[in-house]
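Enquirer: Let me begin by handing over the structure; questions about it come next.
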Amino acid sequence: MGYYIRTLTPSDQRVPFSDLRAALAKEHPKARLLLQEGSEAQWKQLLLAHANGTPIAVVERNPTSEPAGAEELQEFRHEITDCMPRAAATWLDHYLSRVRTIHAFQVLPGTKVEKGWDILGSLKTALWQKAGGIIQADREGFTNEDGYHILWQFPDLVAGPWWMGVLEAGLWVHFQMDLGNPQHREAFMAGAIPAGVQRIRG
């Protein structure tokens, strides 16, 4: 099936193809963004590629009012049922009920060469900033609307620093934790701030 990164937004407005292409060109002028399905005004699928044509990602726009988007959304709501922290899973379930558009980035081999991940990241960020919403990545989990990770769906052997968020009195508190630290991991999944980390409220 491949590896996907997605943005999920309550908005059904379409981010113009020209805006995405312009945002990409500012940071990566040699990268190419090509229309694959639909028109520039009503695009459905785009191809992100290196200058030599090596594909980096396919981007699909899936409204949740249509079968593909609705099925994907239902799968997400089902898979987070037992995820931790519980408060974040509950918040996320309510949020997903309002999502109207899913932008799915299928990651392709071009990410592994010539700063392909950076190029993909620039396009994803441009789309997310214009459309709003949250971000989901396979085998990682979901963020809140500020881009901080809120749900544990990582593999057991994951390690390294990661920016996270937990709910305190209904507000998100953000911090950086070590994903491989057992104490940090235990605290996060319990919906608490790990000891010794710096908080960033917002």
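Enquirer: Spot the failing condition for Q136; the list is (1) within 11 Å of the chain's Cα centre (by Cα); (2) surrounded by fewer than 20 Cβ atoms within 10 Å (Cβ to Cβ); (3) not β-branched (V, I, T); (4) not in a loop (DSSP other than H, G, I, E, B), and only one is missed.
Expert: (2)
Enquirer: Let me ask something additional. Kindly list the number of the only condition in (1) surrounded by 19 or more Cβ atoms within 10 Å (Cβ to Cβ); (2) in a loop (DSSP other than H, G, I, E, B) that fails for A51.
Expert: (1)
Enquirer: Another one. In the stretch 1-17, what residues are among the aromatic types (F, W, Y) and without any contact (Cβ under 8 Å) to a residue 60 or more places away in the chain?
Expert: Answer for the stretch 1-17, where residues must be among the aromatic types (F, W, Y) and without any contact (Cβ under 8 Å) to a residue 60 or more places away in the chain: just F17.
Enquirer: Counting just the residues of the stretch 85-98 that are of a type in the set (A, V, I, L, M) and touching a Gly at 6+ places or on another chain (Cβ under 8 Å), which one comes out surrounded by the fewest Cβ atoms within 10 Å (Cβ to Cβ)?
Expert: Result: A87.
Enquirer: Another one. Is there a residue being surrounded by fewer than 16 Cβ atoms within 10 Å (Cβ to Cβ) and either of a type in the set (A, V, I, L, M, F, W, C) or in the same structural domain as R14 (by TED's automatic domain parsing) (or both) anywhere in the stretch 172-188?
Expert: no
Enquirer: Just to be sure I understand, how many residues within the stretch 54-71 are basic (K, R) and not in a strand (DSSP E or B)?
Expert: Number of matching residues: 0.
Enquirer: Could we say that R139 is over 28 Å from A25 (Cβ atoms), out of contact with any strand residue (DSSP E or B) (no Cβ under 8 Å at 6 or more places or on another chain) and not β-branched (V, I, T) here?
Expert: So R139 passes the test.
Enquirer: Has the stretch 72-89 got at least one residue that is under 30 Å from E168 (Cα atoms) and assigned to a strand (DSSP E or B)? Quick ask: steps written out before the conclusion?
Expert: The first filter runs over the stretch 72-89 and keeps only residues under 30 Å from E168 (Cα atoms), leaving 72-89.
With assigned to a strand (DSSP E or B) added as a condition, the list becomes 84.
Yes: one or more hits.
The values are calculated or read from the model by the stated rules, or taken from the named source; none is laboratory data. Values in this document were obtained by computation on a predicted structure and should not be read as measured data. Reconstructed Cβ throughout: ideal geometry from the backbone, glycine too, with neighbour counts over all protein chains shown.
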